[in-house]
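Undergrad: Got a structure here, written out as structure tokens. Questions coming.
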């Protein structure tokens, strides 16, 4: 059993769900903010940063709603999910992140997500 705990973060994003979804699900969209390069083969996404590569299996996706991945070298119970949340009354869009980390690493992982999402927002011009 993993000692990792699930944590969630939510970010307000001024973007349409359709545009945001392409940045969460498509290799060229992910390569603009999440990694230096992204390739996909048979539901396995290869994310590259400098000289490091990491593979993630696509666990599920729903158009304009969410994308869920699991790092191949991580606990099988762990995953990370990027969910598009749209308020029915105001149509405001938020991006919900679900991730897993050990208790002592949650703050560090949150900071990483904060930086990545800030970069995504700048790329979107949102």
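Undergrad: Which of the residues spanning region 28-38 are surrounded by fewer than 15 Cβ atoms within 10 Å (Cβ to Cβ) and either farther than 17 Å from residue 122 by Cα or under 12 Å from the mean Cα position of the chain (by Cα) (or both)?
TA: Scanning region 28-38 gives a single hit, 37.
Undergrad: For region 99-120, check the following and say yes or no: at least one residue is surrounded by 12 or more Cβ atoms within 10 Å (Cβ to Cβ), under 13 Å from the mean Cα position of the chain (by Cα) and assigned to a strand (DSSP E or B).
TA: Among the residues of region 99-120, at least one is surrounded by 12 or more Cβ atoms within 10 Å (Cβ to Cβ), under 13 Å from the mean Cα position of the chain (by Cα) and assigned to a strand (DSSP E or B), which makes the answer yes.
Undergrad: Which condition number in (1) more than 14 Å from the chain's Cα centre (by Cα); (2) modelled with pLDDT of 95 or more is the one that residue 23 fails?
TA: (1)
Undergrad: Quick one: which strands (runs of 3 or more DSSP E) lie wholly within region 1-95 and hold at least 1 residues that are within 17 Å of residue 116 (Cα to Cα), touching a residue at least 12 places away in the same chain (Cβ under 8 Å) and touching a strand residue (DSSP E or B) at 6+ places or on another chain (Cβ under 6 Å)? If you could, list the steps in order and put the result at the bottom.
TA: Working: elements: 4-13, 37-41, 44-49, 52-62, 66-71, 80-86.
Answer list for region 1-95: 4-13, 44-49, 52-62, 66-71, 80-86.
Undergrad: Just checking, how many residues over region 17-32 are touching a helix residue (DSSP H, G or I) at 6+ places or on another chain (Cβ under 6 Å) and under 12 Å from residue 95 (Cα atoms)?
TA: We begin by selecting, within region 17-32, every residue touching a helix residue (DSSP H, G or I) at 6+ places or on another chain (Cβ under 6 Å); these are 22-23, 29, 32.
From the residues that got through so far, the ones that are under 12 Å from residue 95 (Cα atoms) too are 23.
Total satisfying the criteria: 1.
The values are calculated or read from the model by the stated rules, or taken from the named source; none is laboratory data. Just so you know, these numbers come straight off a predicted model, no measurement behind them. Neighbour counts run over all protein chains shown; Cβ positions are idealised from the backbone, glycine included.
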